[in-house]
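S.K.: Have a look at this one.
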């Protein structure tokens with residue numbers, strides 16, 4: 001049994017992307033992973049994804065674009081106040097305005113830029129650039 005499904009999925013996506021694969025199958029599927037994939041698609045890091053029900057927990061079939069240099073889960077999942085994102089941007093992202101940090105906020109999973117606009121905090125989940 002895997003300890004962190006989000007971490008395993010992001011590493012699998014990164015490895016498939018590095019090998020120039022066009023598609024990646026990630027299992028098991030979870031709602032949190034679906035929200036992260038939605039944000040990756042919205043910000044054009046992946047082409048698309050679909051949920052396939054296999055009778056167990058399901059799988060995600062992800063179409064890749066080859067735009068991901070790095071994506072990892074953040075452990076431990078730090079709690080960040082609404083004005084505390086700058087420290088973590090410097091730690092996890094390569095430069096200013098490059099990449100995204102995914103945050104689990106009270107309104108759902110959002111990016112750190114959206115969290116700053118809404119003036120809300122949350123828990124850090126993952127980053128991508």
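S.K.: If the label point is 7 Å along Cα→Cβ of residue 8, which residues in the range 40-82 have backbone nitrogen under 13 Å from it?
M.R.: 57-60
S.K.: Calculate the spin-label point distance for residue 56 paired with residue 113, positioning each point 7 Å from the Cα along the beta-carbon direction, and give it in nanometres.
M.R.: According to this spin-label approximation, the distance is 3.8 nm.
S.K.: Note down the relative contact order for the range 74-128 as a percent, whole number, built from C-alpha pairs under 8 angstrom at least six residues apart. Please list the in-between numbers first.
M.R.: Values: 85 pairs, mean separation 26.5, N = 55.
RCO, the range 74-128: 48 percent.
S.K.: Helix 5-18 sits at what angle to the longest principal axis of the chain, using alpha carbons and giving 0 to 90 degrees rounded to 10?
M.R.: For 5-18 against the chain, the angle is about 70 degrees.
S.K.: Which whole-number percentage describes the relative contact order of the range 35-129, with Cα contacts under 8 Å and a sequence gap of 6 or more?
M.R.: 30
S.K.: Order of 90-101, 4-15 by packing, highest average Cβ count within 10 Å first?
M.R.: Descending packing order for the listed peptides: 4-15, 90-101.
S.K.: Now a separate question. Mind pulling the angle between the C-alpha long axis of helix 31-42 and the longest principal axis of the chain? Nearest 10 degrees, somewhere in 0 to 90.
M.R.: Approximately 80 degrees, to the nearest 10.
S.K.: How large is the helix-only mean residue ellipticity at 222 nm for the chain, computed as the sum of -39500 (n - 2.57) over DSSP H runs with n ≥ 4, divided by its residue count, in deg cm²/dmol to the nearest 500?
M.R.: -9500 deg cm²/dmol
Since every read-out is calculated from the coordinates, none of them should be taken as a lab result. The structure presented is a predicted model; accordingly, all values stated were derived computationally and were not measured. When we count neighbours, we look across all protein chains shown, and the Cβ atoms used for this are built from the backbone with ideal geometry, even at glycine.
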